[in-house]
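Q: Here you go, one structure.
The values are calculated or read from the model by the stated rules, or taken from the named source; none is laboratory data. Since the model is a prediction, treat every value here as computed from it, not as a measurement. Reconstructed Cβ throughout: ideal geometry from the backbone, glycine too, with neighbour counts over all protein chains shown. Heads up: the accessible areas ignore ligands, DNA and RNA and are worked out on the full protein's heavy atoms, side chains in. Shrake-Rupley method; radii C 1.70, N 1.55, O 1.52, S 1.80 Å.
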Amino acid sequence: MLFLFDCDGVLVDSEIIAAKVDAEHLAEVGFTITPEEVIRRFAGLTSRDIVEVIEAEIGRPLPEEFLAEQKLELDRRLAAEVQPVPGVHDMLDRLDGPRCVCSNSTGERLKLTMERTRLWDRFRPYIYSAVEVGTRKAKPDPNVYRYAMEQFGAVPRETIVVEDSIFGVAAAKAAGARVVGFTGASHAWPGLAELLTEAGAETVIRRLADLPKVAEAFMAWDGAVD
């Protein structure tokens with residue numbers, strides 16, 4: 001089977017850092033929101049998507065420099081603080097099958113976080129940014145997952161996607177893949193598993209160590225072949 005991983009919140013524990021930066025910068029422009037609210041509302045979306053939603057809510061554009069300043073601060077914090085999600089390296093050591101990364105983050109951001117967490121060399125060159133491949137549409141559009149499957153010549157029902165956001169799950173389901181929800185990163189909250197299931201995840205795990213056994217079970221269930 002082919003394994004497609006989201007990056008932020010699945011491989012690297014970066015969502016909580018991004019949420020704190022977003023909340024701080026939004027407060028500076030008069031939009032009060034907690035990091036927890038940022039995660040619940042926007043996890044899985046691009047920064048530009050988040051800005052568009054907020055601009056629609058407040059009825060005015062954010063400052064032109066907002067995204068650039070947010071990016072600089074987030075890159076600084078990630079370079080200093082980001083860690084791998086617990087168990088990710090052990091899981092990859094045990095996983096049998098081709099794998100790649102499918103993320104809404106830019107290629108530049110993926111290189112930053114994955115190099116710091118020693119994951120870059122475990123996936124390259126199969127590291128895809130949704131906004132840089134295929135139709136260049138971000139999740140929840142299925143673009144990046146369809147693109148990845150095409151590169152490997154994989155059948156969707158023989159592809160497992162691991163996602164931590166409802167937008168990512170929706171993208172993977174639209175691409176026809178089988179989806180495992182993940183709730184083991186620092187940003188996860190009570191109720192996330194239920195939301196991922198409602199979005200289309202066939203099962204949800206809290207430990208990446210459980211993924212190889214889940215893959216074995218998927219292969220035995222209707223819809224996948226050995």
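Q: May I ask you to give the percent of accessible area on the range 71-143 that is carbon plus sulfur, with a probe radius of 1.4 Å? All intermediate terms of the calculation are to be shown ahead of the outcome.
A: On the way: 1810 of 3680 Å².
Accessible surface attributable to carbon and sulfur in the range 71-143 totals 49 percent.
Q: Pick from G153, G44, G107: which residue has the top mean-square fluctuation in a GNM of the chain where Cα pairs under 10 Å get a spring?
A: Taking springs between Cα atoms under 10 Å, the residue moving most is G153.
Q: While we're looking at this one, here's another question. 222 nm [θ] for the chain, helices only, -39500 (n - 2.57) per DSSP H run of 4+, per residue, to 500?
A: Value at 222 nm, helices only: -14000 deg cm²/dmol.
Q: Sort R206, R136, R178, R146 from largest to smallest accessible area, using a 1.4 Å probe on the heavy atoms of the protein chains. If you can, show how the numbers build up before the last one.
A: Details: R206 185, R136 145, R178 5, R146 115 Å².
Order by accessible area, largest first: R206, R136, R146, R178.
Q: Efficiency by 1/(1 + (r/R0)^6): what FRET value for E216 and D90, r their Cβ-Cβ distance, R0 = 25 Å, to the nearest 0.05?
A: Plugging the Cβ-Cβ distance into 1/(1 + (r/R0)^6) gives 0.90.
Q: Among the lysines, which have Cα under 23 Å from the Cα of K213 when same-chain residues fewer than 8 positions away are ignored?
A: Within the straight-line cut-off, K213 pairs with K173.
Q: For the range 67-153, what does the alpha-carbon gyration tensor say about shape, rounded, prolate or oblate, given a ≥ b ≥ c as the root eigenvalues, a/c under 1.5 as rounded, and a/b over b/c as prolate? Show your work: numbers first, answer last.
A: On the way: a/c = 2.44, a/b = 1.10, b/c = 2.22.
Oblate, since a/c reaches 1.5 and b/c is not below a/b.
Q: Still on this structure, please answer the following. Could you tell me which residue out of Y126, P140, G97 lies farthest along the dipole of the range 1-156 toward its positive end? Charges go on the beta carbon: Lys and Arg +1, Asp and Glu -1, centred on the Cα centre.
A: The residue sitting most towards the positive pole is G97.
Q: Can you give me the accessible area per residue for the chain, using a 1.4 Å probe, in Å²?
A: Accessible area per residue: 46 Å².
Q: Right, something else. To the nearest Å, what is the center-to-center distance of the range 42-117 and the range 173-224, using C-alpha atoms only?
A: Comparing the Cα centres of the range 42-117 and the range 173-224, I get a distance of 21 Å.
Q: If I build a Gaussian network model for the chain, linking alpha-carbon pairs within less than 10 angstrom, which residue out of Q70, Q83, Q151 has the largest mean-square fluctuation?
A: Maximum among the listed residues: Q151.
Q: Rounded to the nearest 5, what is the percent of antiparallel bridges among the DSSP beta bridges in the chain?
A: Once the DSSP bridges in the chain are tallied, antiparallel ones form about 5 percent.
Q: Normalised by the number of residues in the range 11-69, what is the relative contact order in percent for Cα pairs under 8 Å and 6+ residues apart?
A: 28 percent.
Q: Classify the range 94-219 from the C-alpha gyration tensor, please: rounded if a/c falls under 1.5, else prolate or oblate depending on whether a/b exceeds b/c. Write down the numbers at each step before the final one.
A: Numbers: a/c = 1.27, a/b = 1.20, b/c = 1.06.
Rounded shape, in that the Cα axes give a/c under 1.5.
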